[in-house]
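**Q** Take this structure first; my questions come after.
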Ligand code: IPD
Ligand code: CA
Ligand code: CA
């Protein structure tokens, strides 16, 4: 593996530890899937257990760092300059339906700047990691965003709003614009992996509105360190609004303009 910092090694070790239990629980979901009650209570306890492991491992290795976690929310530490941003299970709907596409996502902020990210696809054992200034990697392979600049050849990922979420009309207008100009759209159901796939050049870009900081913190570092652009769709701060766009330098402004035309 290329040289990872001690902090990155802490993040990777925490992700791998939490992943072991999630992998076992995913096997169990495949059995529970057929029962009448379904696996939903089981899945929420798997999610909470993953978060507990991540919290314990990260706290032990870096005492005092603050946290923003999906389940526990904000946990203030004595060190206000560092903050872990954690999604213990991204792609919950996939997990719940026994679809093997979900991840653990850990981002690190230093003085308000995103400096490191790990997105771990447990089923495929794909560990995406990046540190500011040191590049992005998939396991031990350096990542680069795709080099396509022609929208007609570009494949974009997105996330669909669903029951209880706002913005259905806008989303449908955006899809209408994007499908008319591109090679297509994918909706895989785990935002952290959508961003990791942009970093890996699998997707040419990704956009989604209504996300939370824990969905995007780690993936944003990955895309930037792979040479891509991450921005807010309408120009604000995506960590606050959750409206994110990620792509390579040749396509980002074309995608942004297409979305703005919607
Ligand atoms: C969700 C996934 C999904 C996105 C949703 C998120 P969760 O996170 O990232 O791709 O479309 O908006 O909430 O709930 O599975 O952690
Ligand atoms: Ca999530
Ligand atoms: Ca989650």
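**Q** In the list 214, 207, which residue meets the criterion of being more than 16 Å from ligand 3 (Cβ to nearest atom) and touching a strand residue (DSSP E or B) at 6+ places or on another chain (Cβ under 7 Å)?
**A** None of the others qualify; the one that does is 207.
Residue by residue, here is whether (1) without any contact (Cβ under 8 Å) to a residue 12 or more places away in the chain; (2) assigned to a loop (DSSP other than H, G, I, E, B) holds:
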residue	(1), (2)
148	no, yes
157	no, no
169	yes, no
177	no, no
217	no, no
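**Q** So, in segment 70-94, how many residues would count as being surrounded by fewer than 19 Cβ atoms within 10 Å (Cβ to Cβ) and touching a residue at least 12 places away in the same chain (Cβ under 8 Å)?
**A** Selection size over segment 70-94: 10.
**Q** Right, another one. Where residues in segment 218-252 are touching a helix residue (DSSP H, G or I) at 6+ places or on another chain (Cβ under 7 Å) and within 14 Å of ligand 1 (Cβ to nearest atom), which of them is nearest to residue 161 (Cα to Cα)?
**A** 244
**Q** Among the numbered conditions (1) more than 12 Å from ligand 1 (Cβ to nearest atom); (2) surrounded by 15 or more Cβ atoms within 10 Å (Cβ to Cβ), tell me where residue 43 comes up short.
**A** With (1) more than 12 Å from ligand 1 (Cβ to nearest atom); (2) surrounded by 15 or more Cβ atoms within 10 Å (Cβ to Cβ) applied to residue 43, the lone miss is (1).
**Q** Anything in segment 84-122 that is under 13 Å from residue 193 (Cα atoms), more than 8 Å from ligand 1 (Cβ to nearest atom) and either out of contact with any helix residue (DSSP H, G or I) (no Cβ under 9 Å at 6 or more places or on another chain) or not assigned by TED's automatic domain parsing to the domain that holds residue 50 (or both)? List them, or say none.
**A** none
**Q** Which members of segment 156-170 meet the condition of being away from ligand 1 (no atom under 11 Å from the Cβ) and surrounded by 20 or more Cβ atoms within 10 Å (Cβ to Cβ)?
**A** Selection gives 156 alone.
**Q** Moving to a separate point now. So residue 63 clears everything in (1) modelled with pLDDT of 95 or more; (2) in contact with a strand residue (DSSP E or B) (Cβ under 9 Å, 6 or more places away or on another chain); (3) outside any loop (DSSP other than H, G, I, E, B) except one condition, right? Which one?
**A** Failing condition for residue 63: (3).
**Q** Could you pull out the residue among 157, 191, 200 that is at pLDDT 95 or above and within 16 Å of ligand 3 (Cβ to nearest atom)?
**A** Going through 157, 191, 200 in turn, the sole match is 191.
**Q** Now a separate question. Considering every residue within segment 102-118, establish whether at least one is surrounded by 15 or more Cβ atoms within 10 Å (Cβ to Cβ), under 11 Å from the mean Cα position of the chain (by Cα), away from ligand 2 (no atom under 13 Å from the Cβ) and assigned to a strand (DSSP E or B).
**A** Yes, there is a match, as at least one residue in segment 102-118 is surrounded by 15 or more Cβ atoms within 10 Å (Cβ to Cβ), under 11 Å from the mean Cα position of the chain (by Cα), away from ligand 2 (no atom under 13 Å from the Cβ) and assigned to a strand (DSSP E or B).
The values are calculated or read from the model by the stated rules, or taken from the named source; none is laboratory data. Please read these numbers as outputs of a predicted model, since none were measured by experiment. Note: ideal-geometry Cβ built from the backbone for every residue, glycine included; neighbour counts use all protein chains shown.
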